[in-house]
1. Quick one: with all protein chains in place, what share of the accessible area of region 54-139 is carbon or sulfur, to the nearest percent (1.4 Å probe)?
2. Full extension from residue 96 to residue 222: what is 0.36 nm times the residue separation minus their Cα-Cα distance, to one decimal in nm?
3. How do the peptides 24-31, 192-199 rank, highest first, by the average count of neighbouring beta carbon atoms within 10 Å per residue?
4. Which lysines have a Cα lying under 19 Å from the Cα of residue 154, excluding residues fewer than 8 positions away in the same chain?
5. Work out from phi, with θ = phi - 60° and the Karplus expression 6.51 cos²θ - 1.76 cosθ + 1.60, the ³J(HN,Hα) of each residue of region 83-90, listed in order in whole Hz, and give x for Gly and Pro.
6. If you rank 296, 281 by how much accessible surface each has, with a 1.4 Å probe, what is the order from largest down?
7. Write down Rg/Rh for region 135-294, rounded to two decimals, with Rg from the C-alpha atoms and Rh from the Kirkwood relation over Cα pairs.
8. Using a 1.4 angstrom probe, figure out how much accessible area the chain has per residue, in square angstrom, rounded to the nearest whole.
Amino acid sequence: MAMFSLLLICICTVEVILGSATPITPSAYAKVLKQGFSTNYFNTLNFDNVYDKQNVKDVYARGFRNLRIPCTANLEGLNMTVFLTNLETVVDDCLDVGVTPVISWVYTEMEGNATAANQLDYLQWWTDVASQLKDKDYGLSFSLFADWTEAAVKIIRNSGGNNKNRVIMLASPIKDDDYVMVETKTYASGPQNQYEDEKCSGSPPRCWEDDGIKIGKVIVDKNIDDATNNKTTSGLPVYWGSWSAVDNKSGTLNQTEVIDFCKYFVNALKTESIPWSLNSLDLFYDTSKSAWLTGLQTVKDQQFNMSLILDAIVTNL
């Protein structure tokens, strides 16, 4: 069964641009998201050393139009005031450049551990973030993935400003809501070619071999179909919230296979008009130096020329 989540889209823009102020339909918002990267700016406490506005400008110049901004909430020594100021900086820079920012919450220890104390921490985090960013442009969206999303939605909606009609990404649908998109994370760990009992392992399967003709392309097509045409999501626009070009868990694909996968996958998403965020910017770009990476990079004990992989992706946008 494909892994997906739902987006509650509450944006105020009719035209497919950032900075407008009337409601946007989910299909129009998909055109705003287009293609982009997931980031690691807030997965450490070294923000000043890993971020510069030039990052956003370079991403835009390369043809990408969104940045997914995961924020690790349980970093030791995290100062919430400093964090919120830095988060607002990135959001403002994105909106100024024309890149759509998508904020998500990360707290690995809480996932699957829905205690009352964890719920209070989760809701307080979203209370703080929503309050800080309540008046930002409707191009900003929030991604909620936890067991307490309904309560968090109420907090965000009641926080004032533009949050009443802002995009919220949810793990389950909201009834009688016309502003819903589907977010899927299949291939978040990239394609792989591991098997169990001669069958592609994983749920959903992500196998890819050689050029994908024998094993790979059919699986990609099925995963996309599952995300767009199952009984819960049929007819709803889809956002591929996170996918990886390489097998970042097992390192089972070589450079040629990775490039072939990326070409096919990006083209398949383009055919279905599905926007996406690539995991992650750091594999292709040195954020501290504001420079695209060249030469060989090591991922799971394998070396890849990530610039060639990115070239293959950009060519197929």
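1. Carbon and sulfur atoms account for 44 percent of the accessible area of region 54-139.
2. Contour length minus Cα-Cα distance gives 41.6 nm.
3. Those peptides, ordered most packed to least, come out 24-31, 192-199.
4. 134, 136, 164, 175
5. For region 83-90, the Karplus curve yields 4, 5, 5, 5, 4, 5, 4, 5 Hz.
6. Highest to lowest solvent-accessible surface, that is 296, 281.
7. Using only Cα positions, Rg/Rh for region 135-294 is 1.02.
8. 44 Å²
The values are calculated or read from the model by the stated rules, or taken from the named source; none is laboratory data. Not measured: the values here are computed from a predicted model. Reconstructed Cβ throughout: ideal geometry from the backbone, glycine too, with neighbour counts over all protein chains shown. For accessibility, only protein heavy atoms count, side chains too; no ligands or nucleic acids. Shrake-Rupley method; radii C 1.70, N 1.55, O 1.52, S 1.80 Å.
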